[in-house]
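Step one of this worksheet: look at the structure below.
The values are calculated or read from the model by the stated rules, or taken from the named source; none is laboratory data. Keep in mind that this is a model prediction, so the values were computed, not measured. Quick reminder, even Gly has a Cβ in these numbers, built from the backbone with ideal geometry, and neighbours come from all protein chains shown. Areas reflect the complete protein model, heavy atoms only, side chains present, ligands, DNA and RNA absent. Shrake-Rupley method; radii C 1.70, N 1.55, O 1.52, S 1.80 Å.
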Amino acid sequence: MNINSILFILTLGSLMAAVDTTIVLLALPTITSSLHTDLLSSIWVLLAYMIVISVLSTQAGRIGDLFGKGKIYNLGFVIFTAASALCGISTNIDMLIIFRIIQAIGGAMLVANSSSIVADVFPPDRRGKAYGITSLGWNIGALVGIVLGGVLTTFLGWQYIFYINVPIGIAAVILGIMNIKDINKINTKLDIPGAILLGISLGLISLSLMFIAASGISTDSVIELILGIVLIPFFLLNEIRSKYPIINLKVFKIRLLTYSILANFLQAIGGLSLSFLLIMYLQGVRGLSPLDSSLLLTPGYVIASILAPFMGKVADRGKPGVVAGIGLIFIFITLILYFFLLTPITDYYLIVGISAITGIGSAMFWPSNSTAIMFYAPKEYYGSVSGLSRTLGNIGTILSYVLSIVVATLSIPRNIAFEIFIGTTTLNGDVSATFVNGLHFAFLISSIIIVVAMIFSFMSGKTKESVTK
């Protein structure tokens, strides 16, 4: 078993998942036109993927614990690759959304088991660097997705944003089968009732939040949200009684693990909303195309890509929660700077400079937080803890998206907010200024969320050597 090959495959998986998010966002206007549909329908190509990954990540992680993380990870790559090809041959929006759901099932199997495979293969004092390298895949993937999305959609057609996954996925599957083997496989059973309760609960919560973002608050969306929340106590009761729980609630008695997971969840809400809000500003207020808007933020991605492996090595020396907390300080600084300095005529160089600060914060937070979570997690629950972390991170991403859209619709109609989001319209005059004021409010909310995440991260900053597993 070659650990460098394993790390390469995991990084490739992270890269593909990141590419597939940004590349689809840029292609939505073309997809809407080509498939003769409307914007509110085509945006579900993006949202359905987010929901399914959020719902399935915890279960996919636990399945990895039971049947082998390597086996489930490789199967996830097979499903992801096959579904990518099917997305490319879709002839209507319903087909595309269905195949995106299948693609997300494979994606959940990938992201839920990636961190736990690193924890299985690498000793604790080398995991930070490994997580830094896999973070490199996320940052490069986001950047590559931006460039490829514009090039492929313009010169070849939107179908090729999915076809590009196929040869890479086939190579990754072959390499994965050759190199990623099952380690720490648990001889137990899957908690079927728990999986069903958790899946329905997360599905209802995620779907209701998306409908609130898409159509505003309605009776149906409120009922779905309440039902999803009501099912959570039943799920927890099932986990207490289950002999083979998906999530052993005893892991939350490990306070340092709980703090790290909460920091990850809150960072996803406050930190990722920063990207959504800034893209909406650049497209809606400044009139830039999705490609130009994204390219303006590339310095942040580049800096994060360069620094992440080094910051991971710093986390390996001890106190990963402290390193992650310092990273959150940088993200907090960027939110405050945007709160005070962003206007309808802010110099682009200033935006580039602030995005570079964001890159430093991201490079410090992600590998360090992953190191802390997997260090404190019991070995027999690596998969489920990794999946739970990804589930909460994905729910946080959905919440950040909802926050961005809701804030936007305080000052402009909802359909215009969606057109801004995908870069097909621009605001003018007083409406533009009002919209920027709304963004200031969102930056303030996000900064408060990041402060709470920062507190949890520093609380988890106990020296690794002083913790016994």
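Quick look at the numbers
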{"item": "Subset of the stretch 226-243 that is open to solvent by less than 50 Å² (accessible area, probe 1.4 Å) and in a helix (DSSP H, G or I) - its residue that is modelled with the lowest pLDDT", "result": "Glu239"}
{"item": "Residue satisfying condition, being farther than 25 Å from Ile445 by Cα and touching a residue at least 24 places away in the same chain (Cβ under 8 Å), within set Ile306, Ile351", "result": "Ile306"}
{"item": "Some residue of the stretch 91-110 being among the hydroxyl-bearing types (Ser, Thr, Tyr) and crowded, with 19+ Cβ neighbours inside 10 Å", "result": "no"}
{"item": "So Arg62, is it of a type outside the set (Asp, Glu), open to solvent by less than 20 Å² (accessible area, probe 1.4 Å) and modelled with pLDDT under 80", "result": "yes"}
{"item": "From Ser41, Ser57, residue being among the hydroxyl-bearing types (Ser, Thr, Tyr) and either free of Cβ contacts under 8 Å to residues at least 40 places away in the same chain or crowded, with 24+ Cβ neighbours inside 10 Å (or both)", "result": "Ser57"}
{"item": "In the stretch 402-416, the residues that are surrounded by fewer than 21 Cβ atoms within 10 Å (Cβ to Cβ), in contact with a Leu (Cβ under 8 Å, 6 or more places away or on another chain) and within 13 Å of Tyr281 (Cβ to Cβ)", "result": "Ile412"}
{"item": "Residue check for Phe67: open to solvent by 10 Å² or more (accessible area, probe 1.4 Å) and of a type in the set (Phe, Trp, Tyr)", "result": "yes"}
{"item": "Candidates Gly438, Gly396 - the one that is in a helix (DSSP H, G or I), touching a helix residue (DSSP H, G or I) at 6+ places or on another chain (Cβ under 8 Å) and either under 30 Å from Ser370 (Cα atoms) or open to solvent by less than 10 Å² (accessible area, probe 1.4 Å) (or both)", "result": "Gly396"}
{"item": "Residue tally, condition modelled with pLDDT of 70 or more, of a type in the set (Val, Ile, Thr) and either surrounded by fewer than 18 Cβ atoms within 10 Å (Cβ to Cβ) or more than 24 Å from Leu291 (Cβ to Cβ) (or both), over the stretch 155-191", "result": "7"}
{"item": "Every residue from the stretch 252-287 that is open to solvent by 10 Å² or more (accessible area, probe 1.4 Å), assigned to a helix (DSSP H, G or I) and within 23 Å of Asp191 (Cβ to Cβ)", "result": "Phe252, Lys253, Thr258, Phe265"}
{"item": "Hey, Thr81 more than 21 Å from Leu12 (Cα to Cα), of a type in the set (Ser, Thr, Tyr) and either more than 17 Å from the chain's Cα centre (by Cα) or crowded, with 22+ Cβ neighbours inside 10 Å (or both) or not", "result": "no"}
{"item": "Index of the failed condition, Asp120 passing every other in (1) surrounded by fewer than 24 Cβ atoms within 10 Å (Cβ to Cβ); (2) touching a helix residue (DSSP H, G or I) at 6+ places or on another chain (Cβ under 6 Å); (3) under 26 Å from Ile246 (Cα atoms)", "result": "(2)"}
{"item": "Hey, Arg126 among the charged types (D, E, K, R), touching a helix residue (DSSP H, G or I) at 6+ places or on another chain (Cβ under 7 Å), surrounded by fewer than 21 Cβ atoms within 10 Å (Cβ to Cβ) and farther than 20 Å from Ser384 by Cα or not", "result": "yes"}
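Let's see how each residue does on (1) touching a helix residue (DSSP H, G or I) at 6+ places or on another chain (Cβ under 9 Å); (2) over 25 Å from Ser201 (Cβ atoms):
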{"position": "Ser34", "(1), (2)": "no, yes"}
{"position": "Ser57", "(1), (2)": "yes, no"}
{"position": "Ile63", "(1), (2)": "yes, no"}
{"position": "Ala82", "(1), (2)": "yes, yes"}
{"position": "Asn92", "(1), (2)": "no, yes"}
{"position": "Ile98", "(1), (2)": "yes, no"}
{"position": "Ala108", "(1), (2)": "yes, no"}
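Let's see how each residue does on (1) within 19 Å of Ala119 (Cα to Cα); (2) of a type in the set (Val, Ile, Thr):
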site	(1), (2)
Met311	yes, no
Arg317	yes, no
Gly325	no, no
Ile329	no, yes
Ile333	no, yes
Tyr338	no, no
Thr343	no, yes
Ala356	no, no
Trp366	yes, no
